[in-house]
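K.L.:
Have a look at the structure that comes next, please.
Read-outs: derived from the displayed coordinates by stated rules, not from any lab. From a predicted model like this one, the values you see are computed outputs, not experimental measurements. Virtual Cβ from ideal backbone geometry, glycine too; neighbours counted across all protein chains shown.
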Amino acid sequence: MAQKIGSAEYRVEPLGPNHDRAAFSCGVSELDAYLKRQASQDLKRNLAAVFILTADGKNVAGFYTLSAHSILAANLPNDLAKKLPRYPIPVTLLGRMAIAQSLQGQGWGEFLLLHALKRAWIGSRQVASWAVVVDAKAGAREFYLYQDFTPTPDRPDRLVIPMKAIERMFDPS
Ligand SMILES: CC(C)(COP(=O)(O)OP(=O)(O)OC[C@H]1O[C@@H](n2cnc3c(N)ncnc32)[C@H](O)[C@@H]1OP(=O)(O)O)[C@@H](O)C(=O)NCCC(=O)NCCS
């Protein structure tokens, strides 16, 4: 899936040695440092799948990571928790997501989030996952609320969106 804004066409691809991670800046130093120093190690050790938004295969316009995770029903809002078992529930963690500062506010965050949710949903048909979970960085919580995530009661920064809701977005039949 490629997306065009202005004259550049952007695509999402797995992180590789061709991507210039050092030049990426999203305004949150922890996320910049993660991409520069940690992301390729996490990828090599199978701790996170890392995906890059890029127009030319070199410059990084944004990135996200997905990992397997689990959550307890006791830590979910009551309306989502009912009917769920008491043992840990499999979920997909959207560990990190960021858009380059120069491209923020132009719809790329929403594009990349939908891309991540679709990938998580497709993956869940092979390895079940009940929801996508994100631990929002300061300032980004409102972005996820706006994108239909629900906050969890025990951790205000942790938000979830059930896979059923994601499925309705991409397979409304
Ligand atoms: C948060 C982030 C990913 C959003 O990406 P973006 O490209 O700036 O956002 P978009 O332009 O796609 O915004 C989509 C919609 O969400 C809204 N939105 C975006 N950021 C928002 C925020 N922080 N609070 C509330 N609403 C927000 C926009 O107003 C827009 O709404 P509209 O379609 O009605 O205009 C991006 O700003 C970013 O990378 N920030 C720094 C890193 C970060 O905090 N990452 C999240 C870590 S958990």
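K.L.:
Please turn the phi angles of segment 142-155 into ³J(HN,Hα) values with the Karplus equation 6.51 cos²θ - 1.76 cosθ + 1.60 (θ = phi - 60°), one per residue in order, whole Hz, x for glycine and proline.
P.N.:
Per-residue couplings from phi come out as 5, 4, 6, 4, 4, 8, 6, 6, 10, x, 8, x, 7, 9 Hz.
K.L.:
Pairs of alpha-carbon atoms within less than 8 angstrom and 6+ residues apart define the contacts here; what relative contact order does segment 35-173 have, in percent?
P.N.:
19 percent
K.L.:
A further question follows. Between their Cα atoms, which of Lys83/Lys118; Lys58/Lys137; Lys83/Lys164 are more than 23 Å away from each other?
P.N.:
Lys83/Lys118; Lys58/Lys137
K.L.:
Distance from the Cα centre of segment 63-79 to that of segment 123-146, in angstrom?
P.N.:
7 Å
K.L.:
To make sure I understand the rule: partners must be aspartates and glutamates, Cα under 19 Å from the Cα of Lys44, and not fewer than 8 residues away in the same chain. Which ones qualify?
P.N.:
Answer for Lys44, where 19 Å is the Cα cut-off: Glu13, Asp20, Asp32, listed by chain and number.
K.L.:
Rounded to the nearest 500 deg cm²/dmol, what is the calculated helix-only ellipticity per residue at 222 nm for the chain, with -39500 (n - 2.57) per DSSP H run of length n ≥ 4?
P.N.:
Working: 6 runs with 46 residues, N = 173.
One gets -7000 deg cm²/dmol as the mean residue ellipticity at 222 nm.
K.L.:
Under 5 Å between amide H atoms, partner at least 5 residues away or on a different chain: which partners does Val91 have, H built in plane at 1.01 Å?
P.N.:
For Val91, whose amide H was placed from the backbone, the distant partners under 5 Å are His69, Ser70, Ile71, Trp130.
K.L.:
Over the chain, consider all pairs of different Cα atoms and compute the Kirkwood hydrodynamic radius from their mean reciprocal separation; express it in Å, one decimal.
P.N.:
When all Cα pairs of the chain are included, the Kirkwood radius is 16.7 Å.
K.L.:
If I take every Cα pair under 8 Å that is 6 or more residues apart in segment 7-90, average their sequence separation and divide by the length, what percent do I get for the relative contact order?
P.N.:
Dividing the mean separation by the residue count of segment 7-90 yields 27 percent.
K.L.:
Okay, moving on. With charges only on Cβ, +1 for K and R and -1 for D and E, what is the dipole size of the chain about its Cα centre, in debye, rounded to 20?
P.N.:
My answer is approximately 440 debye.
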